[in-house]
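Below is one structure, written out as structure tokens, with a few remarks after it.
The values are calculated or read from the model by the stated rules, or taken from the named source; none is laboratory data. Because the structure is predicted, anything quoted here is derived from the model rather than measured. When we count neighbours, we look across all protein chains shown, and the Cβ atoms used for this are built from the backbone with ideal geometry, even at glycine. All accessible areas refer to the heavy atoms of the entire protein, side chains included, with ligands and DNA or RNA removed. Shrake-Rupley method; radii C 1.70, N 1.55, O 1.52, S 1.80 Å.
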Amino acid sequence: MQATAKAHTNIALIKYWGKRNESLILPTNNSLSLTLDGFYTETTVHFSEYLEKDRFFLDNKKVVGVPLNRVTSFLDLVRSLAGKENLFAEIRSVNKVPTAAGFASSASGFAALAAASSRALNLNLNEQELSRLTRQGSGSACRSVYGGFAEWQQGSQLDGADSYAVQIASEDHWDVRMAALVLSAEEKDVSSREGMKRTVDTSPFFEGWVNSIPADLKTIKEGISSRDFTKVGEVTEANCLKMHATTLGATPPFTYWHHSTLLVMQAIQSMRKKGIPAYFTIDAGPNVKVLYLPEFEDIIKNELQALPGVKDVVLSRAGKGITYK
Ligand code: FM0
């Protein structure tokens with residue numbers, strides 16, 4: 001009753017921002033992401049009759065408190081699917097992230113946990129079933145089941161049966177790349193979970209955000225299918241800015257940007273004026289990710305590394321979906 005799975009993280013080009021059901025993790029909009037080969041989590045789950053509760057080691061360190069509770073609650077779902085409510089597990093995860101600086105590992109983490117635990121209990125889930133299960137650990141994680149470009153379909157059913165991700169194009173369809181810039185090692189003030197809830201509950205801009213999604217999705221899917229970098233880049237950047245605009249309208253208002261975030265955003269826009277095609281996106285934190293094409297990799301890396309406030313630049317290609325050992 002043991003299995004090991006590896007999952008890569010994903011970065012949304014069209015963001016998930018808002019839930020319609022918090023306990024089931026059902027979103028208010030579809031989202032679309034690129035899975036990255038540079039960041040992953042590898043997890044081994046070992047269920048054993050000799051254990052009296054779950055125990056969790058991350059990078060060989062024992063984890064307790066809230067992160068352990070999140071893992072245990074998620075395993076409760078897997079246990080109940082398998083009819084093994086009283087079987088506990090030892091979970092060992094290794095995170096491959098360049099630094100602990102504000103890079104969400106929850107996407108790769110829950111995808112690897114869902115895959116390893118469901119396989120250890122012989123659940124035989126197909127990709128859609130695995131994505132639907134993964135969603136209940138962390139929403140954005142349901143897209144990491146797939147390599148390349150994946151779309152999380154929000155679905156309409158109340159129980160979430162039709163809320164899971166599907167692959168839009170594999171990692172071999174198009175060699176687009178992403179640079180992750182490390183700007184700050186500080187803990188964020190407002191988690192993505194809390195930030196999206198505050199936005200849904202209080203921001204007058206939230207309705208505009210939700211209404212704008214279908215057009216953005218149509219554009220990005222056309223762009224991905226025809227490998228139109230300008231089209232994909234422009235809608236990625238615009239969608240990110242719209243998401244972040246909703247937080248400024250919340251009560252109390254907040255932003256994830258630091259001064260160095262804004263500096264990098266402006267630098268990327270001026271790189272484009274110089275003829276270097278690059279577009280940014282930002283999640284619920286200060287760090288910036290930059291979408292680019294391989295032929296511009298050297299120049300983009302040099303320009304980004306030279307920016308003030310940039311501590312590190314990590315380059316990624318499109319990554320694979322879940323793999324098992
Ligand atoms: O990834 O409350 O998945 O689409 O990263 O666990 O469901 O951590 F920019 C924000 C990620 C949200 C956009 O939210 O929330 C995206 C975000 P949970 P997540």
Task: Area accessible to solvent at LEU123, 1.4 Å probe radius, in Å² - done: 40 Å²
- [ ] Report, to the nearest 10°, how far helix 66-82 tilts away from the longest principal axis of the Cα atoms in the chain, using its own Cα long axis and a range of 0 to 90°.
- [x] 60 degrees
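Quick one: with all protein chains in place, what share of the accessible area of the chain is carbon or sulfur, to the nearest percent (1.4 Å probe)?
Result for the chain: 50 percent of the exposed heavy-atom area is carbon or sulfur.
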Open item on the list: Nearest 10 degrees is fine. How inclined is helix 106-120 to the longest principal axis of the chain, computing both from alpha carbons?
Closed with: 30 degrees
Open item on the list: Longer than 18 Å from Cα to Cα, which of LYS274/LYS311; LYS218/LYS242; LYS15/LYS96; LYS19/LYS96; LYS62/LYS325; LYS6/LYS96 are they? Say none if no pair is.
Closed with: LYS274/LYS311; LYS15/LYS96; LYS19/LYS96; LYS62/LYS325
Task: Debye-sum result for region 165-233 in log10 I(q)/I(0), which assumes one identical scatterer on each alpha carbon, at q = 0.12, 0.13, 0.17, 0.26 Å⁻¹ - done: -0.57, -0.66, -0.97, -1.05
TODO: Only bridges with both residues in the chain count here: give the DSSP antiparallel percent, nearest 5.
DONE: 95 percent
Task: Cβ-placed point charges (K, R +1; D, E -1), dipole of the chain about Cα centre in debye, nearest 20 - done: 200 debye
Task: Net charge contributed by nearby residues that have their C-beta within less than 13 Å of ARG317 (K/R +1, D/E -1) - done: -3
- [ ] Output the peptides 301-307, 36-42, 6-12 sorted from most to least packed, where packing is the average of other Cβ atoms within 10 Å over each peptide's residues.
- [x] 6-12, 36-42, 301-307
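Accessible area per residue, 1.4 Å probe, Å², for the chain: what's the number?
44 Å²
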TODO: Compute the signed sum of charges (Lys and Arg +1, Asp and Glu -1) over the other residues within less than 12 Å, Cβ to Cβ, of ASP54.
DONE: +3
Task: ³J(HN,Hα), Karplus 6.51/-1.76/1.60, whole Hz, each residue of region 48-58, x for Gly, Pro - done: 8, 5, 7, 8, 9, 7, 6, 9, 10, 10, 10
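With Cβ to Cβ distances under 9 Å as the rule, what net charge do the other residues near CYS142 carry (K, R +1; D, E -1)? Don't jump to the answer; show the numbers that get you there.
Numbers: positive: ARG132, ARG135, ARG143; negative: none.
It works out to a net charge of +3.
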